[in-house]
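Novice: Sharing a structure, written as structure tokens. Questions coming.
The values are calculated or read from the model by the stated rules, or taken from the named source; none is laboratory data. Values in this document were obtained by computation on a predicted structure and should not be read as measured data. Please note: Cβ atoms are built from the backbone with ideal geometry, for glycine as well, and neighbour counts cover all protein chains shown. Areas reflect the complete protein model, heavy atoms only, side chains present, ligands, DNA and RNA absent. Shrake-Rupley method; radii C 1.70, N 1.55, O 1.52, S 1.80 Å.
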Amino acid sequence: MGNKKLVFSGVQPTGNLHLGNYLGALKNFVSLQKEMECIYCVVDLHAITTFQKPSELLENVLETTASFLATGINPNKSIIFNQSSVSGHAELAWILNCVSRIGWLNRMTQFKDKAGSDKEKASVGLYIYPNLMAADILLYKATHVPVGADQKQHLELSRDIAQKFNNDFNCQDFFPLPEPMIPRKISRIMSLRDGTKKMSKSEESSYSRINLKDTADEISKKIKKAKSDSDPIPDNIKSLEKKPEALNLLTIYSELTQNNLEKVISELSGKEYSVLKTKLSDVLISEITPIGKEIKKLLDNKSHLKNILRKGSEKANIIAEENLKNIREKVGLI
Ligand code: TYM
């Protein structure tokens, strides 16, 4: 694939995808297909860094694949596959485990958040997870990586690992340093219950997030219950600094209506949040429910989804094997 532009990104199959995944990542995945070659991966090896019931994992891999397709990723344009079906991810991850430094991993905030207070009990996989993420990207020599803001630190680590590999093995420019592509305006969608936490699959209350499979009824109930503010909508962004839930709702609305935040605020200023909530429910329902319906329809034909993954894996494997051959050579492995 030489030095041409190549996009790679991954999504964990650990449950329902939500509005954060959609606005932070998937929407970007779809638009990038127009400009560049893209590889999108259902990262099942990442998912098992915390225990997954095997039958649920299998279902979640298919559901994430269906979500890729339903949002508009086209398997005839982009490669869609699941990580464990290309063994090069695990092989390169091992090599990169030997390049990456313990001190670098110790700085990863996501490990600290996910491992919680009892780090001794976290899996070793969870700790070295960012090295596997670097392997995902570098296995294809990807140049661009669309992700939400929560993945920024992991991407910086991937760049450090690529740079160290190139230095250690005396092969400048062998691995390109991958560029993060983080949406400028809406890089972190926050929980509907607590505007200081990101919207996440793992938060217990389902009222904290809009899932791509939610019905119109569920969306409007969740938005009605979403935390906002008892004061009317102000006329400037600064007044929202200490009101993260209100700011989050306005930001989501501005993104979905393709209007800038200042304009949205000036139009709604002085109104109660119930006015914003009605408008927001309407735009969410019209953008999200067709995706949810399509996901459900695609899940009725699992062999079709498996077929797409199989074909994608074959294509991914060709690129991976070619690159691995050179990587093994650089390291001195026969
Ligand atoms: P994951 O599965 O947690 O999330 C998938 C994508 O969704 C984005 N995202 C969000 N964006 C905005 N607001 C939110 N609340 C929000 N929640 C999630 C994430 O930033 C991500 O882009 N480690 C990655 C998966 C991965 C990967 C890779 C990504 C594995 N290998 C290689 C890029 C390249 C993860 O756990 O994403």
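Novice: Using the structure shown, decide if Asn16 is within 15 Å of the ligand (Cβ to nearest atom), open to solvent by 10 Å² or more (accessible area, probe 1.4 Å) and within 23 Å of Ser303 (Cβ to Cβ). Spell out the reasoning first.
Specialist: Numbers: within 15 Å of the ligand (Cβ to nearest atom): yes; open to solvent by 10 Å² or more (accessible area, probe 1.4 Å): yes; within 23 Å of Ser303 (Cβ to Cβ): yes.
When the stated conditions are applied, Asn16 passes them.
Novice: Right, something else. Quick one: which of Lys315, Lys277 is open to solvent by less than 30 Å² (accessible area, probe 1.4 Å) and farther than 18 Å from Leu62 by Cβ? Step through it out loud before you land on a result.
Specialist: Numbers: Lys315 fails: open to solvent by less than 30 Å² (accessible area, probe 1.4 Å).
Being open to solvent by less than 30 Å² (accessible area, probe 1.4 Å) and farther than 18 Å from Leu62 by Cβ holds for just one of Lys315, Lys277, which is Lys277.
Novice: Sticking with this one: For the range 250-296, which positions are modelled with pLDDT of 95 or more and not in a helix (DSSP H, G or I)?
Specialist: Scanning the range 250-296 gives Ser269, Gly270, Lys271, Glu272.
Novice: Next up: Looking at the range 228-252 only, could you name the residues that are in contact (Cβ under 8 Å) with a residue 24 or more places away in the chain and either acidic (Asp, Glu) or surrounded by fewer than 13 Cβ atoms within 10 Å (Cβ to Cβ) (or both)?
Specialist: Of everything in the range 228-252, those that are in contact (Cβ under 8 Å) with a residue 24 or more places away in the chain and either acidic (Asp, Glu) or surrounded by fewer than 13 Cβ atoms within 10 Å (Cβ to Cβ) (or both) turn out to be Asp229, Asp235, Asn236, Glu245.
Novice: Now a separate question. Out of curiosity, is Leu96 within 26 Å of Asn60 (Cα to Cα) and open to solvent by less than 10 Å² (accessible area, probe 1.4 Å)?
Specialist: Values: within 26 Å of Asn60 (Cα to Cα): no; open to solvent by less than 10 Å² (accessible area, probe 1.4 Å): yes.
For Leu96, the condition - within 26 Å of Asn60 (Cα to Cα) and open to solvent by less than 10 Å² (accessible area, probe 1.4 Å) - is not met.
Novice: Then there is this: How many residues does the range 128-142 hold that are open to solvent by 20 Å² or more (accessible area, probe 1.4 Å) and either among the β-branched types (Val, Ile, Thr) or in contact with a Lys or Arg (Cβ under 6 Å, 6 or more places away or on another chain) (or both)?
Specialist: 1
Novice: Could you grab me the full set of residues in the range 174-214 that are more than 11 Å from the ligand (Cβ to nearest atom), open to solvent by 50 Å² or more (accessible area, probe 1.4 Å), in a loop (DSSP other than H, G, I, E, B) and touching a helix residue (DSSP H, G or I) at 6+ places or on another chain (Cβ under 7 Å)?
Specialist: Hits for the range 174-214 are Leu177, Lys185, Arg193, Thr196, Lys213.
Novice: May I pose another question? Looking only at residues that are of a type in the set (D, E, K, R) and within 11 Å of the ligand (Cβ to nearest atom) in the range 143-173, which one is surrounded by the most Cβ atoms within 10 Å (Cβ to Cβ)?
Specialist: Narrowing the range 143-173 to residues of a type in the set (D, E, K, R): 150, 152, 156, 159-160, 164, 168, 173.
Okay, now just the ones that are also within 11 Å of the ligand (Cβ to nearest atom), so 150, 152.
Details: Asp150: 18, Lys152: 14.
Going through the qualifying residues, I end up with Asp150.
Novice: Could you figure out which of (1) more than 23 Å from Lys27 (Cα to Cα); (2) within 14 Å of the ligand (Cβ to nearest atom) isn't true of Lys242?
Specialist: (2)
Novice: Restricting to the range 107-139, name every residue that is of a type outside the set (A, V, I, L, M, F, W, C) and near the ligand (Cβ under 10 Å from one of its atoms).
Specialist: Looking only at the range 107-139, we keep the residues that are of a type outside the set (A, V, I, L, M, F, W, C), and these are 107, 109-110, 112-114, 116-121, 123, 125, 127, 129-131, 136.
The answer is Gln110, Lys114, Tyr129, Pro130, Asp136.
Novice: Return yes or no: is Glu63 open to solvent by less than 30 Å² (accessible area, probe 1.4 Å) and assigned to a helix (DSSP H, G or I)?
Specialist: yes
Novice: Considering only the range 253-271, state which residues are in contact (Cβ under 8 Å) with a residue 24 or more places away in the chain and more than 19 Å from Lys243 (Cα to Cα).
Specialist: Once the filter is applied, which keeps residues that are in contact (Cβ under 8 Å) with a residue 24 or more places away in the chain and more than 19 Å from Lys243 (Cα to Cα), the range 253-271 yields Leu256, Thr257.
Novice: Restricting the range 109-127 to residues that are farther than 30 Å from Glu329 by Cβ and in contact (Cβ under 8 Å) with a residue 24 or more places away in the chain, which is most open to solvent (accessible area, probe 1.4 Å)?
Specialist: Going through the range 109-127, the residues farther than 30 Å from Glu329 by Cβ turn out to be 109-123, 126.
Among the residues that remain, those that are also in contact (Cβ under 8 Å) with a residue 24 or more places away in the chain are: 109-110, 114, 123, 126.
On the way: Thr109: 76, Gln110: 28, Lys114: 103, Ser123: 47, Leu126: 15 Å².
Ranking the qualifying residues of the range 109-127, first place goes to Lys114.
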